[in-house]
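Below: the structure, in structure tokens.
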Amino acid sequence: MNLFDPLTLPNGAIIPNRLAKAAMEENMADAEHAPSPRLIRLYQAWAEGGAGLLISGNVMIDGRAMTGPGGVVLEDDRQLQRFRQWAQTGRAHGARFWLQLNHPGRQMPANLGQPTWAPSAVALALGNMSRHFALPRAMDDGMIAEVIQRFASSARLAEQAGFDGVQIHAAHGYLLSQFLSPLSNQRSDQWGGTLDNRARLLLEVVKAVRAVVSPSFAVAVKLNSADFQRGGFSAEDAREVLLRLNELAVDLVELSGGSYEAPAMQGDARDGRTLAREAYFIDFARDLHAVARMPLMVTGGIRRQPVAEQVIASGVAMAGIGTALALEPHLPRHWREGRDSAPALRPITWRNKVLASLGNMAAVKFQLRRLSRGKAPVPQVAPGWALLLQQLATARQARRYRRWMEQRGISFPAQ
């Protein structure tokens, strides 16, 4: 197989090539938490860049539950025209465009002023940074049912807006991933304990989404290959979950790894395992490819064409690229034209791993903001400077988010 061969999904949809723009959190919603002109301009750059598949950053299924301020929310049809414009822009040059649907669970910043939900009342373990996240409330059956319904409703709206599919985010320590992990899920009911019970919410969400969209609309899942924390969601667990997803109408599974506590998606494992320098999760993907009935995609650290080709040669159907496309949005086109391009950020050597993870994310968002304004990226931006700018922007967005919530008169049930 070649990087630029088309891929036919189980539902019959065709992705033009094997390179995907993986999800990166943009935090570029407008004041109504709909796609802003800047966000749409950013996706115009990626649409022109030649990737066969574009996957959005987090689109929240519930305006009360955000991965961060400035996030896009799709919970009703009030802003559907803006989503239609976003979909049209992303698909304008032939790429397929999927929305990534997410609920943060306990990984919601406390400064947004909303209580958090999680499978169990287990706080994030981030050392001094833990204070930035509230102790979550353990979800009851009604809350769980609401989350399932919201994933399905957002997927239905995404299809109405003209997107080609959705990706259900069950990785990186967000809510569905929290249910999968025995560290964060300490329940003893039908939603916790055994892996079958811990995987129940993800499977119910997939079934609910599939039931409300057309067969031609892609339904994908983002899954951790492992949590990379001792006692957490393991590679063996991932294999078992994949076997259960085989029984559902899933069109693609993207393999990543880690969480806020162990950011393996940035190449940092916390359980002693060594990850590849690029395509971090390729070894896990090779093992899972043997049992998967749907195409697999690997994301994490890919920035060179030979590495992307290695991913495809291993039997993995798609190579997902994140940071490199924030630095060079036309990278797939350059590779097709034979250019040897391998964009990379300035290395971060900070000892504090949590802070280093935040610095890396800030440096990526710095590039996204420049692209959204029609400016060239700056790969050598100092991570400390990028983090400072990000903190200032986040504070402004948090204030705007709280005003938005007050205007809507929305609150969580009392804890």
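The values are calculated or read from the model by the stated rules, or taken from the named source; none is laboratory data. All figures in this text were calculated on a predicted structure; none of them were measured in a lab. Don't worry about glycine lacking a Cβ; one is built from the backbone with ideal geometry, like all the others, and counts go over all protein chains shown. What goes into the accessible areas is simple: the full protein's heavy atoms, side chains included, and nothing from ligands, DNA or RNA. Shrake-Rupley method; radii C 1.70, N 1.55, O 1.52, S 1.80 Å.
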1/(1 + (r/R0)^6) with r = Cβ-Cβ of Glu48 and Asp287, R0 = 41 Å, i.e. FRET efficiency to nearest 0.05, evaluates to 0.70
Rounded to the nearest 10 Å², the accessible area of Glu337 using a 1.4 Å probe with every protein chain kept is 100
Expected unfolding gain across Asp196-Glu32 under the 0.36 nm per residue rule, minus the alpha-carbon gap, is 55.2 nm
The answer for the net charge of residues other than Met143 whose Cβ lies under 12 angstrom from its Cβ, with Lys and Arg +1 and Asp and Glu -1, is -1
Listed by chain and number, the lysines with an alpha carbon less than 16 angstrom from that of Lys375, same-chain partners under 8 positions apart left out, are Lys365
Each label sits 7 Å from Cα toward the beta-carbon; between Thr8 and Ala313 the label points are separated, in nm, by 2.6
Residue span His93 to Ala138: 0.36 nm per residue of separation minus Cα-Cα distance leaves a gain in nm of 11.7 nm
Once both label points are put 7 Å beyond Cα along the C-beta direction, the Ser216-Met129 separation in nm becomes 4.4
quick shape note, the stretch 104-262: Cα extents on principal axes in Å, largest first -> 46, 36, 27
Taking the chain and counting helices only, DSSP H stretches of n ≥ 4 at -39,500 (n - 2.57) each over all residues, the nearest-500 ellipticity at 222 nm comes to -11500 deg cm²/dmol
Among Gly258, Gly374, Gly105, the residue with the largest mean-square fluctuation in a Gaussian network model of the chain built from Cα contacts under 10 Å is Gly374
With every protein chain kept in place and a 1.4 Å probe, the chain has an accessible area per residue in Å² of 38
Filtered hits (lysines, Cα-Cα < 27 Å from Lys207, offset >= 8 within chain) -> Lys21, Lys222
In the chain the DSSP beta bridges are antiparallel at a rate, in percent to nearest 5, of 10
The correct ranking of Leu389, Leu223 by accessible area at 1.4 Å, largest first, is Leu389, Leu223
The alpha-carbon center of the stretch 339-415 and that of the stretch 157-180 are separated, in whole Å, by 21
Expressed in nanometres to one decimal, the distance between label points 7 Å along Cα→Cβ at Arg396 and Asn246 is 5.1
For P(r) over Cα pairs in 20 Å bins from 0, in percent the list reads [x] 29, 64, 7; [y] 25, 52, 22, 1; [z] 25, 58, 17, 0; the calculated value is entry [x]
If each part is reduced to its alpha-carbon centroid, the stretch 229-246 and the stretch 50-91 end up apart, in Å, by 28
